[in-house]
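The values are calculated or read from the model by the stated rules, or taken from the named source; none is laboratory data. Since this is a predicted model, take the numbers as computed values, not measurements. Cβ placement follows ideal geometry from the backbone for every residue including glycine, while neighbour counts extend to all protein chains displayed. Calculation scope for accessible area: heavy atoms of the full protein, side chains included, ligands and nucleic acids excluded. Shrake-Rupley method; radii C 1.70, N 1.55, O 1.52, S 1.80 Å.
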Amino acid sequence: AVDAKLYGGINRKEISIWCGGSGAGKSLVLQNMAVNLTRAGLNVVYVSLELSEEMISMRLDSMVSQVPSTEIFKRLDEVEIKVLQYGKRCGHLHVRQLPQGTTTNDLRAYLKNYEIETGHKCDVLLVDYLDLMFPNMKSLDLSNLFVKDKFITEELRGLAVERNLILQTASQLGRASVNEMEHDHSHIQGGISKIQTADNVMSI
């Protein structure tokens, strides 16, 4: 189900949120976006607050090389050649694991360091995922998901505007909503506060 009609596609200075239950494939969607956006010549930074860099890199190598992840280690030479060939004709793709509780200010500082160290300007930031972040303001009551998610989503969108980024992230559906055929704001963990700020919201 798609809760937002993507007139004009996904654009810079916008935040898009992919919503799904645990194990629904939110991370895989973001990883596929990473591959497709680098194919378009954009430089992508993929920040994981949950999965390890090794796991994400293996999945990305599988997508790029078309070698199943179960066979990656058996066919390392083939995978390495295909990934190197891919890298020569596409944008740069950088994967980084940061701790849960990372804030938008932490992301801002990381992007600055990344661009200084690599000389590459970040075009796309993928954050896996929003629910594991903390707001910049330390005094907020983190048990109030509506307020917490409102601040984080607004801060992430502000970062996208400030740095002219395509910004995509993900969010959990509430447990009671996973088996629903269609989703609305009441099914998303934290509720409507994310919807009100996001430019595009898609459910998986």
Considering amide H positions built from the backbone, and no H for Pro or chain starts, which residues 5 or more places from L93, or on another chain, come under 5 Å of its amide H?
V44
Are there GluC sites (Glu not before Pro) in region 137-171 that DSSP puts in a loop and that have at most 10 other Cβ atoms within 10 Å, and which ones?
none
Excluding ligands and nucleic acids, what accessible area in Å² is computed for I72 using a 1.4 Å probe, to the nearest 10?
10 Å²
Coil-residue chymotrypsin sites (Phe, Trp or Tyr not before Pro) of region 1-91, DSSP, other Cβ within 10 Å capped at 10:
Y7, F73
Given K88/K194; K13/K194; K88/K121, which pairs have Cα atoms separated by over 27 Å?
K88/K194
Amide H contacts under 5 Å for F134, restricted to residues at least 5 apart in sequence or on another chain and with H modeled in the peptide plane, are G101, T102, T103
Where the chain is the region considered: accessible area per residue in Å², 1.4 Å probe
50 Å²
In whole percent, what relative contact order does the chain give with Cα contacts below 8 Å and a gap of six or more residues?
39 percent
In region 1-105, the trypsin sites (Lys or Arg not before Pro) that fall in loop regions by DSSP, at most 12 other Cβ within 10 Å:
K5, K74
5 Å is the cut-off here: which amide hydrogens, built 1.01 Å from N in the peptide plane, fall below it relative to S171, excluding neighbours closer than 5 in sequence?
W18, C19, G20
With all protein chains present, region 53-105 has a carbon and sulfur share of its accessible area (1.4 Å probe) in percent of 51 percent
In whole angstrom, and with the biggest value first, how far do the Cα coordinates of the chain range along each principal axis?
49, 40, 34
Which of the aspartates and glutamates could be linked to K148 by a straight reach, that is with a Cα gap under 15 Å, when you skip same-chain ones fewer than 8 residues away?
D131
With -39,500 (n - 2.57) per DSSP H segment of 4 or more residues and division by the full residue count of the chain, the 222 nm estimate, nearest 500 deg cm²/dmol, is -12500 deg cm²/dmol
